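K.L.:
Here it is: the structure, laid out below.
The values are calculated or read from the model by the stated rules, or taken from the named source; none is laboratory data. Source: prediction; values computed, not measured. Virtual Cβ from ideal backbone geometry, glycine too; neighbours counted across all protein chains shown.
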Amino acid sequence: MINVKWFHLSQSIILKLSSAVVKFMLIKVILMYINIEVYGMYTYSIAIFMFFMMLSRLGLDTYLQREVSSGNTSGNIAVGQVSVISVISTIVTGSVYLFFSGTEYETFWVFFLLSAFFFNASWIYSYILKGAGYIKEAIAIYEVGLPLINISSILLLGRFLDGTKLLLLSFLISMLITFLLLLAFLYKRRVVTKFEIARPKVSESYGFSLISISTMLLVMGDTYLIGILLSDYDVGVYTLTTKIGMFILLPTSVITTFLNNKISKNIGNVIAIKNLIVPSIILNGVIVSIFGMIIYILSPLILDFLSVSSDEAVIVLMLLKVYVVAQIMMGMSGIFESVLIMGGGQNDLFKINSLMVIINLILGYLFITAFGLIGAVYSTLISCIICRILQVYIVNKKVFTVNVSVN
């Protein structure tokens, strides 16, 4: 059996569901002020921004969660490393801003430049909290509190601004407030007791960075291709599909966080880690399948709630049929990725993800040019299947050297 405290696990799942509801509300509020085409432009810009933020984090998020969880790094040193990385994030964003200067995306990058420090610091602070055992609190602040603050900012500033400037200023304000809340909680719980500047251990964290970059390219590759090959409108419709579909994984992401801490504390204990696999697959499989069916059944009501037009809703529902299957398959077998990440198999996972990025981009380009948006979800499904097969193979061959089955 998976050794977790079910009461705390259920609390975290409830928080994740609350996060889902709040994020739906955020989309609803955003679409009150802009149309689906501008929403596509906004989300496409955010996707590019998040990629460069991931580049500049250098893998410190997952690395520091593991180090704090195992007791190898103090909260003071961890936060000190975050400060340095967040400054680097601002410099990276400034460089990207120069590239977009003079284009229709310039306004986005002005606000992203101002947000970069707070965005990356807040992101990594939430991982440090999780590593320190405050998983529910990290979810409550970052995944529930942040979108709530964003909603409040939009509604308040909506009296004076509209369009993209309203969304971007609200984004900046919400990141600043979330940064302050997370930092205050770190001090209150004495995860951090004093401020120290510390040099990031890039030599140890870069493996996580490579994995994160390749994973994001794998997840967001279709969005980037749609933005290049199709239109902002198509990006907006596809983003709505992925936003709805991603909620299927919310409960399993909580379980994965608990398992990551468990795996990090049992590195080297092959039997203990092996005993986590089958229960995890069963638990995640049941939960993600139930949520997948619920989300798909309720999707027409969700789209109606979001005030999506009938034409747009027809496209989203068509895409969602395939996307839900991909999410169920990824969710139920996510334990293999966790074992590789937390158990020292970062290089193997990076190789797998890098191969899958290439395959997904090739398939995505061919399928999108041939079939349009529906081609994007089919390329995602095929890539997800291949990715999980490779992960199971590597865990079986290099981590356990025993038969591991997902059946």
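K.L.:
From the list G343, G331, exactly one residue is at pLDDT below 85, out of contact with any His (no Cβ under 7 Å at 6 or more places or on another chain) and more than 30 Å from S203 (Cα to Cα). Which is it?
P.N.:
Values: G343 fails: more than 30 Å from S203 (Cα to Cα).
On inspection, the qualifying residue turns out to be G331.
K.L.:
Are there any pairs with C-beta distances below 6 angstrom linking a residue in the stretch 126-155 that is surrounded by 21 or more Cβ atoms within 10 Å (Cβ to Cβ) to a residue that is not in a helix (DSSP H, G or I), with the two at least 6 apart or on different chains, and if so which?
P.N.:
If the second residue must be not in a helix (DSSP H, G or I), the pairs left are A132/V191.
K.L.:
Please enumerate the residues belonging to the stretch 102-137 that are within 16 Å of L168 (Cβ to Cβ) and either of a type in the set (F, W, Y) or modelled with pLDDT under 85 (or both). It would help to see each step written out before you state the result.
P.N.:
Within the stretch 102-137, the first condition is being within 16 Å of L168 (Cβ to Cβ), and the residues that meet it are 103-119.
T103, E104, Y105, E106, T107, F108, W109, F111, F112, F117, F118, F119 - these are the residues of the stretch 102-137 that are within 16 Å of L168 (Cβ to Cβ) and either of a type in the set (F, W, Y) or modelled with pLDDT under 85 (or both).
K.L.:
Looking at the stretch 333-347, is at least one residue more than 18 Å from N396 (Cβ to Cβ) and not assigned by TED's automatic domain parsing to the domain that holds D61? Outline the logic, then answer.
P.N.:
Step one: of the stretch 333-347, the residues more than 18 Å from N396 (Cβ to Cβ) are none.
The answer is no, given that none of the residues of the stretch 333-347 is more than 18 Å from N396 (Cβ to Cβ) and not assigned by TED's automatic domain parsing to the domain that holds D61.
K.L.:
Also: Give me a count of the residues in the stretch 137-169 that are more than 24 Å from Y187 (Cα to Cα) and among the hydrophobic types (A, V, I, L, M, F, W, C).
P.N.:
11
K.L.:
Follow-up question, since we're still on this one. If you check R199 against the conditions, is it at positive phi and not hydrophobic (A, V, I, L, M, F, W, C)? Talk me through it step by step, then tell me what you get.
P.N.:
Details: at positive phi: no; not hydrophobic (A, V, I, L, M, F, W, C): yes.
Spelling it out, it is not the case that R199 is at positive phi and not hydrophobic (A, V, I, L, M, F, W, C).
K.L.:
Okay, moving on. Would you check if F99 is in a loop (DSSP other than H, G, I, E, B), hydrophobic (A, V, I, L, M, F, W, C) and either over 18 Å from the mean Cα position of the chain (by Cα) or not assigned by TED's automatic domain parsing to the domain that holds K16 (or both)?
P.N.:
Working: in a loop (DSSP other than H, G, I, E, B): no; hydrophobic (A, V, I, L, M, F, W, C): yes; either over 18 Å from the mean Cα position of the chain (by Cα) or not assigned by TED's automatic domain parsing to the domain that holds K16 (or both): yes.
When the stated conditions are applied, F99 does not pass them.
K.L.:
Another one. Can you spot a residue in the stretch 106-114 that is over 16 Å from M53 (Cα atoms), in contact (Cβ under 8 Å) with a residue 24 or more places away in the chain and surrounded by fewer than 24 Cβ atoms within 10 Å (Cβ to Cβ)?
P.N.:
If we filter the stretch 106-114 for residues that are over 16 Å from M53 (Cα atoms), which is where we start, we get 106-107.
Imposing the further condition that a residue be in contact (Cβ under 8 Å) with a residue 24 or more places away in the chain reduces the set to 107.
Narrowing the set further to residues that are surrounded by fewer than 24 Cβ atoms within 10 Å (Cβ to Cβ) leaves 107.
Looking through the stretch 106-114, at least one residue is over 16 Å from M53 (Cα atoms), in contact (Cβ under 8 Å) with a residue 24 or more places away in the chain and surrounded by fewer than 24 Cβ atoms within 10 Å (Cβ to Cβ).
K.L.:
Tally the residues that are crowded, with 19+ Cβ neighbours inside 10 Å and at pLDDT 85 or above, restricting the search to the stretch 346-355. Lay out the reasoning, then the answer.
P.N.:
Quick first cut of the stretch 346-355, residues crowded, with 19+ Cβ neighbours inside 10 Å only: 346, 348-350, 352-353.
Going one step further and asking which of them are at pLDDT 85 or above, we end up with none.
Residues flagged as crowded, with 19+ Cβ neighbours inside 10 Å and at pLDDT 85 or above within the stretch 346-355 amount to 0.
K.L.:
Right, next: Mind listing whichever residues of the stretch 115-154 are more than 17 Å from F49 (Cα to Cα) and of a type in the set (F, W, Y)? Steps first, answer last, please.
P.N.:
If we filter the stretch 115-154 for residues that are more than 17 Å from F49 (Cα to Cα), which is where we start, we get 125-154.
Across the stretch 115-154, the qualifying residues are Y125, Y127, Y134, Y142.
K.L.:
Would you be able to tell me the number of residues in the stretch 279-323 that are surrounded by 15 or more Cβ atoms within 10 Å (Cβ to Cβ) and not in a helix (DSSP H, G or I)?
P.N.:
Within the stretch 279-323, residues that are surrounded by 15 or more Cβ atoms within 10 Å (Cβ to Cβ) and not in a helix (DSSP H, G or I) number 2.
K.L.:
For the list (1) over 23 Å from the mean Cα position of the chain (by Cα); (2) at pLDDT below 90, I need the number of the one condition that P300 fails.
P.N.:
Only one criterion is unmet by P300, namely (2).
K.L.:
Across the stretch 42-70, what is the number of residues that are outside any helix (DSSP H, G or I) and either modelled with pLDDT of 90 or more or small (G, A, S) (or both)?
P.N.:
Taking the stretch 42-70 as the starting set, the residues that turn out to be outside any helix (DSSP H, G or I) are 58-59.
Applying the additional criterion that residues be either modelled with pLDDT of 90 or more or small (G, A, S) (or both) yields 59.
Number satisfying all stated conditions: 1.
K.L.:
Filtering the stretch 156-174 down to residues that are hydrophobic (A, V, I, L, M, F, W, C) and part of a loop (DSSP other than H, G, I, E, B), which residue is surrounded by the most Cβ atoms within 10 Å (Cβ to Cβ)? Break it down into steps so the answer makes sense when it comes.
P.N.:
Quick first cut of the stretch 156-174, residues hydrophobic (A, V, I, L, M, F, W, C) only: 156-157, 160-161, 166-169, 171-173.
Among the residues that remain, those that are also part of a loop (DSSP other than H, G, I, E, B) are: 160-161.
Working: F160: 9, L161: 15.
Applying the filter and picking the extreme gives L161.
K.L.:
Can you tell me which residues in the stretch 186-209 are crowded, with 19+ Cβ neighbours inside 10 Å and part of a helix (DSSP H, G or I)?
P.N.:
The answer is L186, S205, G207, F208, S209.
K.L.:
Checking the structure you have, find out if any residue of the stretch 117-124 is of a type in the set (A, V, I, L, M) and closer than 24 Å to G59 by Cα. Give the steps one after another, and end with the answer.
P.N.:
Just the residues of the stretch 117-124 that are of a type in the set (A, V, I, L, M), to begin with: 121, 124.
Then drop every residue that is not closer than 24 Å to G59 by Cα, which leaves 121, 124.
There is at least one residue in the stretch 117-124 that is of a type in the set (A, V, I, L, M) and closer than 24 Å to G59 by Cα.
K.L.:
For the stretch 9-65, what are the residues that are among the charged types (D, E, K, R), closer than 26 Å to T107 by Cα and crowded, with 20+ Cβ neighbours inside 10 Å? Break it down into steps so the answer makes sense when it comes.
P.N.:
Just the residues of the stretch 9-65 that are among the charged types (D, E, K, R), to begin with: 16, 23, 28, 37, 57, 61.
Next, from what is left, pick out any that are closer than 26 Å to T107 by Cα: 23, 28, 37, 57.
Selection gives K23, R57.
K.L.:
Can we say V38 is in contact with a helix residue (DSSP H, G or I) (Cβ under 9 Å, 6 or more places away or on another chain) and at pLDDT below 90?
P.N.:
On the way: in contact with a helix residue (DSSP H, G or I) (Cβ under 9 Å, 6 or more places away or on another chain): yes; at pLDDT below 90: yes.
Criteria met by V38.
K.L.:
While we're looking at this one, here's another question. For S95, work out the one condition from (1) farther than 24 Å from P200 by Cβ; (2) without any contact (Cβ under 8 Å) to a residue 12 or more places away in the chain it doesn't fulfil.
P.N.:
Evaluating S95 over (1) farther than 24 Å from P200 by Cβ; (2) without any contact (Cβ under 8 Å) to a residue 12 or more places away in the chain leaves (1) as the failure.
K.L.:
Still on this structure: It is to be established whether one or more residues within the stretch 141-152 are outside any helix (DSSP H, G or I), modelled with pLDDT of 85 or more and of a type outside the set (A, V, I, L, M, F, W, C). Walk me through how you get there before you give the answer.
P.N.:
Within the stretch 141-152, the subset outside any helix (DSSP H, G or I) is none.
Looking through the stretch 141-152, none of the residues is outside any helix (DSSP H, G or I), modelled with pLDDT of 85 or more and of a type outside the set (A, V, I, L, M, F, W, C).
Listed here are the residues, each with its yes/no results for (1) in the same structural domain as T239 (by TED's automatic domain parsing); (2) closer than 16 Å to M246 by Cβ; (3) over 21 Å from the mean Cα position of the chain (by Cα).
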residue	(1), (2), (3)
P279	yes, no, yes
I295	yes, yes, no
E312	yes, no, yes
I315	yes, no, yes
F350	yes, no, no
